[in-house]
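**Q** Sharing a structure with you now.
Nothing in this text is a laboratory measurement; each read-out follows from the coordinates by a stated rule. The structure displayed is predicted, hence computed values, not measured ones. All Cβ positions, glycine included, derive from the backbone under ideal geometry; neighbour counts span all protein chains shown.
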Amino acid sequence: MSKRPIIIDTDPGIDDALALAIALFSEELDVRLITTVAGNVSLENVTLNTLRLLNFYGKDVPVAKGAAEPLLAEFVDASNIHGKTGMEGYDFPEPQEELLLPEHAVNAMRRTIMESPEPITLVPIATLTNIALLFAMYPEVKGNIREIVMMGGSASRGNKGVMSEFNIATDPEAAQMVFQSGVPIVMAGLDVGLKALVYPEDSEEIRTMGKVGDMAYHMFKRYRGGSFNTGLKMYDSCAIAYLLCPELFEVVETYVGVELRGAMTAGCTVVDLRGYLHREPNARVCIDVDGEKFRRWFKNAVSKCI
Ligand code: RIB
Ligand code: CA
């Protein structure tokens, strides 16, 4: 069976680092391009982190730098969760600079999509600024995109605001443009991310699973997306898990809007599960995940890395 071609848009980020490893070492995915966007930490740092990870993983995937800040919103990072550099807790090798393309991420995405003989899946596990710019500048790419499988949003509570999830709330205008794009979307939000947990006993097992497992263990000690002792949230791996093992998830097709003007709710995804807004569905939303099965899947996936 041929590998599924994907482009990952990312902001490493400790959970991004594991999602990238699982995708890169999967037998089923062909990571054609990795693009970076400011999010967990600055554009410079997420790009250096991506190049360090590719050196560490031994994977020669082209990388292109994208947006340094949201379209309109003020940029606020998540260094409180991932540490100042975005990947605290492990001594990575030097960034593999030769993988960095001279072109902007949006142009690299357009070229990669338009050159592909088969439709590409976009996998944004960060704020949606690059994806929104891509659709605004080059709408023709939509014809060769299979779907977007994103980590972002929430049908319930938030992790950046009362109701807003970090990737959406960091650039709400970009998120609205993506949800209105007409491109098929799968949304793996906090409804599954908060249940995609790695417990201390899992971390001890993972630590013995080669250099990626050892790296994960040491970064998990510094990661503030949850707690090492009560469960660490593998948000971004949910998007990869959907690609590789969709049966882990309960999914509903519904309308998702992005609130831009709410005094207390700006940046939240409005997931209209009961059809109050009478809008056509524009996304398949992961509303639940089998936490135990996810844990087994995650550990098995890490065991396949180096
Ligand atoms: O809300 C979780 C998301 O925000 C994840 O993608 C994490 O890496 C951060 O970017
Ligand atoms: Ca991320």
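**Q** With a ≥ b ≥ c the root eigenvalues of the C-alpha gyration tensor of the range 113-271, is it rounded (a/c under 1.5), prolate (a/b larger than b/c) or oblate?
**A** Oblate, since a/c reaches 1.5 and b/c is not below a/b.
**Q** Here's something else I'd like to know. Could you list the square roots of 5 times each eigenvalue of the Cα gyration tensor of the chain, that is, the equivalent ellipsoid semi-axes, sorted largest first and rounded to whole Å?
**A** Details: eigenvalues 136, 101, 72 Å².
The three semi-axes for the chain are 26, 22, 19 Å.
**Q** Here is a follow-up. Packing-wise, with mean Cβ within 10 Å as the measure, how do 59-65, 213-219 rank, highest first?
**A** Top to bottom by mean Cβ count within 10 Å: 213-219, 59-65.
**Q** Would you please name the GluC sites (Glu not before Pro) within the range 249-306 that are DSSP coil residues with at most 11 other C-beta atoms within 10 Å of their C-beta? Walk me through the numbers on the way to the answer.
**A** Numbers: sites: GLU250, GLU253, GLU259, GLU292; in loops: GLU259.
Filter output for the range 249-306: empty list.
**Q** Okay, moving on. What Rg and what Dmax come out for the range 115-167 when only alpha-carbon atoms are used, in angstroms?
**A** Here Rg and the maximum Cα pair distance are 13.6, 43 Å.
**Q** Given a Förster radius of 30 Å and the C-beta distance between GLU247 and GLU280 as r, what FRET efficiency does 1/(1 + (r/R0)^6) yield to the nearest 0.05?
**A** Calculated value: 0.70.
**Q** Let me ask something else about it. Over the alpha carbons of the range 1-142, what is the largest minus smallest coordinate on each principal axis, giving the biggest first in Å?
**A** Reported extents, whole Å, longest axis first: 40, 38, 23.
**Q** Among ALA175, ALA68, ALA283, which one shows the biggest mean-square fluctuation in a GNM of the chain, springs joining Cα atoms closer than 10 Å?
**A** Its mean-square fluctuation being the largest, the pick is ALA68.
**Q** Computed on alpha carbon atoms, what radius of gyration and Dmax characterise the range 146-193, expressed in Å?
**A** 10.5, 33
**Q** Okay, moving on. Would you list the P(r) distribution for the range 69-127, with all Cα-Cα distances sorted into 10 Å bins from 0 and each bin expressed as a whole %?
**A** Using 10 Å bins, I get a P(r) of 15, 30, 39, 15, 0 for the range 69-127.
**Q** Using θ = phi - 60° and the Karplus curve 6.51 cos²θ - 1.76 cosθ + 1.60, what whole-Hz ³J(HN,Hα) does each residue of the range 254-260 get, with Gly and Pro shown as x?
**A** In residue order, the calculated couplings are 7, 8, 10, x, 10, 6, 9 Hz.
**Q** Given 10 Å bins starting at zero, what is the percent of C-alpha pairs of the range 62-180 in each, up to the one with the largest pair distance?
**A** 12, 38, 35, 15, 0
**Q** Which of TYR57, CYS238, THR36 sits farthest toward the positive end of the charge dipole of the chain, with +1 on the Cβ of Lys and Arg and -1 on the Cβ of Asp and Glu?
**A** CYS238
**Q** Evaluate E = 1/(1 + (r/R0)^6) for ARG222 and LYS142, where r is the Cβ-Cβ distance and R0 equals 35 Å; express this FRET efficiency to the nearest 0.05.
**A** 0.35
**Q** So what J values fall out for the range 145-162 if you push phi through Karplus, 6.51 cos²θ - 1.76 cosθ + 1.60 with θ = phi - 60°, rounded to Hz, Gly and Pro as x?
**A** Using θ = phi - 60°, the values come out as 10, 5, 5, 9, 10, 10, 9, x, x, 6, 8, 10, 7, x, 10, 10, x, 3 Hz.
**Q** Have a look at the range 189-258 and give its Rg and Dmax from the Cα atoms, expressed in angstrom.
**A** Expressed in Å, the Cα Rg and Dmax of the range 189-258 come to 14.0, 43.
**Q** Report the number of Lys pairs in the chain whose alpha-carbons are under 20 Å apart, with separation of 8 or more residues or on distinct chains.
**A** For the chain, qualifying lysine pairs total 22.
**Q** Here's a follow-up. Testing the spin-label approximation: label points 7 Å from Cα along Cα→Cβ at MET114 and LYS299. State their distance in nm.
**A** Modelled inter-label distance: 4.8 nm.
**Q** What base-10 log of the normalised intensity I(q)/I(0) is obtained for the range 16-100 from the Debye formula, alpha carbons as equal point scatterers, at q = 0.13, 0.17, 0.26 Å⁻¹?
**A** -0.41, -0.70, -1.36
**Q** Enumerate the helices in the chain for which the Kyte-Doolittle hydropathy averages 1.0 or more and the C-alpha atoms extend at least 30 Å along the helix's axis, using complete DSSP H runs.
**A** none
**Q** Rounded to a whole number, what is D in µm²/s for the range 223-306 from Stokes-Einstein with the Kirkwood radius over alpha-carbon pairs (37 °C, 0.692 mPa s)?
**A** Taking Rh from Cα pairs, D becomes 216 µm²/s.
**Q** Sort 46-57, 197-208 for me by packing, meaning the mean count of neighbouring Cβ atoms within 10 Å per residue, highest on top.
**A** Answer by packing, highest mean first, reads 46-57, 197-208.
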